[in-house]
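Encoded as C-alpha cells, the structure appears first; notes follow it.
Derivation of every value follows stated rules applied to the coordinates shown; laboratory data play no part. Just so we're clear, the structure is a prediction, and the values are computed from it rather than from any experiment. Glycine gets a Cβ as well: all are built from the backbone with ideal geometry, and neighbour counts include every protein chain shown.
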Amino acid sequence: MVEEDRELIESHEHPLDGYLREGRIPHIFCPGCSLGSITNVIIEAIIEAGLDPKKISVVSGIGCTGRISGYLNYDSFHTTHGRSIPFAIGLSITDPERKVIVISGDGDLFAIGASHFIHAARRNADITVICVNNFNYGMTGGQVGPTSYMGQVQTTAPYGFNEESFNLPHLATTCGAVYVARWTALDVRRIKDSFVEAFKKKGFSFVEVLGSCPTTFGRRNQLAEGKKILQHFADHTVLKHDVDPKETKIEKNGPLIVGKFVDIEDKPTLTDNLLAIQRISQASDKKS
Amino acid sequence: MMSDGNLDLPEILTGEHFTTGNHATAEGALAVGCKFFGGYPITPSSEIAEHMALRLPRVNGHFVQFEDELASIIGILGARWGGYKSMTATSGPGYSLMVENIGLGMMTETPCVIINVQRGGPSTGLPTLVGQQDIMQTKWGAHGDFEPIVLCPSSVQECFELAVQAFNYAEQYRLPVTVLMDEILGHMSEKLIIPDRSKIKRVNTKKPNVPPEEYLPYKPDKDLVPPMAIAGDGYNIMVTGLTHDERGYPVLNVETQEKLVRRINDKIRKNKDKIIILEEYMLDDAEIAILSFGSVARAAKGAVNRAREKGIKAGLLRLVTIWPFPDERIEALANQVKTILVPEINYGQITREVERTTHGKTNVKGLFKMGAIHNPQEILSEIEKCT
C-alpha cells in the first residue's frame, strides 16, 4: 500500500468527502449490496463530466436505491414512490442548463412509475435515469418486481415467479431514449464511462445497472453473498455494444448482455420543444 | 376577446372582460406570476388547462400536458423547486389521484396551487354537473396530519382574485393551496375586471439570508415558516417526504416527528385569523343565518334578499376560506341566531362542521342537493319554515 493511501485510511477521511452529505454516513445499505459502489461511481462520473455542482439536481423515488439521492451533497429530492421522473421533468424545464439525474430502483421506476418512464422517454425529457435493477423489492423484504425473471423465488413468488419480465433497454429504446446502456455492478469503469456520456447528453438517457442484493434476492436464489452475485455476473456477462436491445432480455442462468445499445445525437428535447412553442407564441404572425 | 384559442391576446391582459370562471382563474394565476402548468384533461376543468396552454408560452412560461394527475401534481412540485410558481387544475377524480403528492407538498413545504372544479361524485359521477362534494377530500384526503388552506370563490371575478390569493398564501405559508371551484362557476360567464399588474399583490417565499454552511432548510422563523432555498441557489438542499430534521435529513424518531408535524400544522393554525376570509351579509340583526359557499351562495344571497322583503331577519355568512374552518365566528353566530341553514350540493359535509362548531347552541339545518344548485325560492321556503 502506498503511503498516501495509508494516511488517508488512518485519517478516517474519504477521497469523496464533500461530495457526500456530512452527517449522513453510515448509510443504510446491507453488507454485499452494490449501492455503495454505485454511489461512488455516480460522484466520480459527475466530477469527470465536469458538471457545475450548482446545476445538478438528484431525484429519486422510494426504495433502497432511492436513498442514494440523500447521501449526495447536491440539491437532492427524495419524492414519493414511482414519481421521481415527473418531479425531475418539473425541475429540468425550469432551467435548460440544469442536469437532473434520477436514481431509483426497478420497482419504483418500472412498476408503480412505469408510465412516467415511458412518457418521459417519448417526450425526450432532458434527464438522465439510472435504474439499479436488483430484481426484487429489497426495502419491503424481497417481493417480486417487474424485472424478476421466470423461476426466481421471492416472498410473493414462493413457488417461483411465472410472469414475463420487462427488458429495460428494449423498453427505453422503443419509447425513444437517446442513450441506452446496461452494465453489471462489477463493471465500475464502464458504468462510469456510461454515466459520463449520459450526463453530458441532452435528452432522455438511460443506464441500467444490474445490482447485487444478497439479503432479499440472493438469499432465496442460491446467491446469498454479494460476491456470489458479482461472480454470477462475471460468469454470465456478454459484452455486445450496439446489439439490438430486443436481444438483451434477462432469463434465469442466461447471458447478461451488457454494453451501450443506443446513442443518438441532436434529437430535440422536451425543453427545446417548450422553448420553441414560446417563440412561436410570441411571433407576430403565429400562422408562420 | 378571451374566447377559446384567441392567439392574439396581449401578453398582459387588463381591463373589462366577459368570460368564464375557468378562464378567470387561469388569468389570475398568470397575473400573480404562475410560470408552469402541469395538468391532465378532465371535465369540467379542462378550459383552465387549455387557456394556460394558450397563454403561458406568451409570458415565457411552460405548459405540459402530463400522462396523468399523479405526474401533474408532482411535476408542479418539481417545477416549484426549480423556481417557477406552478399550478394544476382538475376535478374530483383527478384530485383523488393527486392527494398522496399533495401530502408530499405538505411535508416538504412546497408552494403550489391546485384548482379543483368540482363535479358530482363519488367515482365518475356527474362529469358535467355541479357538485360541492370535495370539501372533506381537501381536508382529509392525504394520509397524516396537515392543515390545508382551501379557498372557495362564488363569482367569476372572485375566481380571478382567489387564484391570486391562493398563490400568495402558498408562497407565504409554504404549502399546496387548493381552490375549490365548481362546474357552474367554471362554465358560467360574467364580468371580470383585471386590474393593472402594478395593483396585483405578489408574495414570494422568504429567501435564506445566511450562507450555505449556516443554512438549515427546515428551521422556521417566528411565524413557523422556514425560508426557502431552491435548486441551483447553491445551498445543496435536501428535500424528502420522510420525517426530517431542520437540516432536511431523514430522522425517523418520535422527537423529530413531534416537532415537524406540530409545526407544519401550527404554522396554519396560529395564523388562521390572517387566512380566514368571510363575507357577512345582513347578519347584524339576523335571527336566521344561511351559511353558504361557492356558487350556492349566490342563490342564498337571493333568498336572504327575498326574506328581508318579507320582513324576515335573515342574513348570510359566506365562507371564502373553507379550511381552516372559521370555528370562532360560527360559534359566535350560534349565540345570535335561532337557526343556521346550510344549503350545499352534497350530503352534509359542511353541515357537520357547523354542528361541530356550534355545540348545540342553535338549530343547524342542512339543505342537501345532488347534482344541481338550489333555487333561491327553495332556500326561502326553508327560511320561512324556520320563522
| For segment B:15-199, treating each Cα as an identical point scatterer without solvent, what Debye log10 I(q)/I(0) comes out at q = 0.14, 0.19 1/Å? | -0.65, -1.28
| remark: In vacuo Debye sum over C-alpha of segment B:158-300, base-10 log of normalised intensity I(q)/I(0) at q = 0.16, 0.21 Å⁻¹, listed in q order, is -1.01, -1.35
| said: If each residue of separation counts as 0.36 nm, what is the full-extension length gain between residue B:190 and residue B:352 once their alpha-carbon separation is subtracted? | reply: 55.1 nm
| Too-long pairs where the Cα-Cα distance tops 26 Å, listed order kept, from A:192/A:228; B:191/B:272; B:270/B:369; A:202/B:206; B:191/B:301; B:35/B:222 | B:191/B:272; B:270/B:369; A:202/B:206; B:35/B:222
| said: Out of all DSSP beta bridges in the protein assembly as shown, what portion is antiparallel? Express it as a percent rounded to 5. | reply: 25
| If eta is 0.890 mPa s and T is 25 °C, what Stokes-Einstein diffusion coefficient results for chain B, Kirkwood Rh from Cα pairs, in µm²/s? | 114
| message | Quick query: amide H of residue A:102 versus all other amide H atoms, modeled in the peptide plane; which residues come in under 5 Å with a sequence gap of 5 or more or a different chain? | response | A:59, A:128, A:129, A:130
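Dipole size in debye (nearest 20) for the protein assembly as shown around its Cα centre, Lys and Arg Cβ +1, Asp and Glu Cβ -1?
Details: 72 positive and 82 negative charges, 188 e Å.
The calculation lands at about 900 debye.
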| Say we join alpha carbon atoms closer than 10 Å with springs in a Gaussian network model of chain A; which of A:152, A:231, A:278 then has the biggest fluctuation? | A:278
| query | Can you pull the three principal axis extents for the Cα set of segment A:30-282, in Å, largest first? | reply | 61, 36, 31
| task | Could you work out the mean count of beta carbons from other protein chains within 10 Å of each residue's beta carbon in B:49-59? | result | 2
| request: Would you mind giving the mean number of other chain beta-carbons within 10 Å of the Cβ of each residue in A:111-122, as a whole number? | output: 2
| said: Spelling out what I want: for every residue of segment A:36-48, take phi, set θ = phi - 60°, compute 6.51 cos²θ - 1.76 cosθ + 1.60 (Karplus), and round to whole Hz; glycine and proline get x. | reply: x, 5, 5, 4, 4, 5, 4, 5, 4, 5, 4, 5, 5
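What average count of beta carbons from other chains do you get within 10 Å of the Cβ of residues in A:50-58? If you can, show how the numbers build up before the last one.
Values: counts 0, 0, 1, 2, 6, 2, 3, 8, 2.
Rounded to a whole number, the mean comes out at 3.
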| said: List the residues, sorted by chain then number, that are 5 or more residues from residue A:139 or on another chain and whose placed amide H is less than 5 Å from its amide H. | reply: A:64
| Pick from A:131, A:175, A:213: which is most flexible by mean-square fluctuation in a GNM of chain A where alpha carbon atoms under 10 Å apart are linked? | A:175
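For the pair residue B:213 and residue B:361, what calculated FRET efficiency results from E = 1/(1 + (r/R0)^6), where r is the Cβ-Cβ distance and R0 = 51 Å, to the nearest 0.05? Mind dumping the intermediate values first?
Details: r = 56 Å, r/R0 = 1.10.
Working from the Cβ atoms, E equals 0.35.
Among bridges DSSP assigns within chain A, what percent are antiparallel (round to 5)?
Details: 7 of 37 bridges.
The answer is about 20 percent antiparallel.
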| said: Show me, for segment B:103-119, the HN-Hα J-couplings you get by feeding each phi into the Karplus relation (A = 6.51, B = -1.76, C = 1.60, θ = phi - 60°), rounded to Hz, glycine and proline as x. | reply: x, 4, x, 5, 6, 8, 6, 9, x, 5, 10, 10, 9, 10, 8, 6, 10
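Estimate the FRET efficiency between residue B:375 and residue B:279 by the formula 1/(1 + (r/R0)^6), using the beta-carbon distance for r and 22 Å for R0, to the nearest 0.05. List each step's numbers first, then the result.
Values: r = 21 Å, r/R0 = 0.95.
The formula returns an efficiency of 0.55 here.
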| remark: Residue span residue B:128 to residue B:204: 0.36 nm per residue of separation minus Cα-Cα distance leaves a gain in nm of 23.8 nm
| What list of ³J(HN,Hα) values in whole Hz, one per residue of segment A:83-98 in order, does the Karplus curve 6.51 cos²θ - 1.76 cosθ + 1.60 (θ = phi - 60°) give from phi, with Gly and Pro shown as x? | 10, 5, 5, x, 4, 4, 5, x, 5, 5, 6, 6, 7, x, 8, 6
| request: Mind giving me the FRET efficiency for residue A:282 and residue B:197? R0 is 25 Å, r the Cβ-Cβ distance, nearest 0.05 is fine. | output: 0.90
| request: Counting helices only, and only those DSSP H runs with n ≥ 4, report the 222 nm mean residue ellipticity of chain A as the sum of -39,500 (n - 2.57) divided by its residues, in deg cm²/dmol to the nearest 500. | output: -9000 deg cm²/dmol
